[in-house]
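One structure below.
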Amino acid sequence: MIETFIDWFRNITFLQIIDFVGTFAFAISGIRLASAKRFDWFGAYVVGAATAIGGGTLRDVMLDVPVFWMHDGFYLACTGFALLWVIIFRKYLIRMHSTFFIFDAIGLALFTIVGIQKTIDCGLPIWVGIIMGTMTGAAGGVIRDVLINEVPLIFRKEIYAMACVVGGLAFALCSLLGMPALVTHLACGTAVFLTRVIAVKYHICLPTLKPEED
């Protein structure tokens, strides 16, 4: 048993670690919003799982590859750990608002990396990777907001999905310059995270489309 676990741990790649951390981060952000809507534990778990795996599921369906969580139960188990974490620390949810924002930003960055890299591994061009990276990072949040009856965040003025695009451009630039995979991934994730944090801190947003005046 212990030897099996050690062998499993040794075979984990850096990209899988990113994927797992992103799953936990996104699941917590979804469960936290579900708790604010007073969902029961099962409902909160569903929202957390949808947030964590929703974008990746759409990505894999469009790439015509096996859906990642269907052959690795860790992702659903990870959502369960996230639910347990929120239940244990539920008294501190309000005080930890900024912490949850950081979790969401981290998940956005990590999932963008995973989405782009998986698309490139399928032999598709980088511009498709940017689209799929954005979908992996942002689509789970759209599903989450629909489930909790909120206007999806990417349709509001806040810069959210655009942060994924910025990270994707950083990924493309590093790839063009022949940077190592680790440097490319770090540059992409950092670009997404900083874009999101700076946009929220300084209230930077995209222009709003206004209706035509008579």
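Coordinate-derived values only; no laboratory data. Model, not experiment: these values are computed from the prediction. In this analysis, Cβ positions are derived from the backbone assuming ideal geometry, glycine residues included, and neighbour counts consider all displayed protein chains.
Annotated for region 8-201: lysine pairs at least 8 residues apart or interchain, Cα distance under 27 Å, count 5. With contacts taken as Cα pairs under 8 Å and at least 6 residues apart, the chain reaches a relative contact order of 21 percent. Toward the positive end of the charge dipole of region 8-201, about the Cα centre and with charges on Cβ (Lys, Arg +1; Asp, Glu -1), which of I28, L186, M132 goes farthest? Checking the options against the dipole of region 8-201, the answer is I28.
Calculation over all alpha carbon pairs of region 8-201 in 5 angstrom steps from 0 returns a P(r) of 1, 9, 17, 22, 20, 16, 9, 4, 1, 0 percent. Applied to region 31-37, the Karplus parametrisation 6.51 cos²θ - 1.76 cosθ + 1.60 on θ = phi - 60° returns per-residue 3J(HN,Hα) values of 5, 4, 5, 5, 5, 5, 8 Hz, with x for Gly and Pro. Computed over the chain, the per-residue total of -39500 (n - 2.57) for DSSP H runs of n ≥ 4 gives a 222 nm mean residue ellipticity of -24500 deg cm²/dmol, rounded to 500.
Qualifying GluC sites (Glu not before Pro) in region 116-214, where qualification requires a DSSP coil assignment and no more than 10 other C-beta atoms within 10 Å, comprise E212, E213. Among the chymotrypsin sites (Phe, Trp or Tyr not before Pro) in region 160-214, those placed in a DSSP loop whose Cβ has at most 12 other Cβ atoms within 10 Å are Y202.
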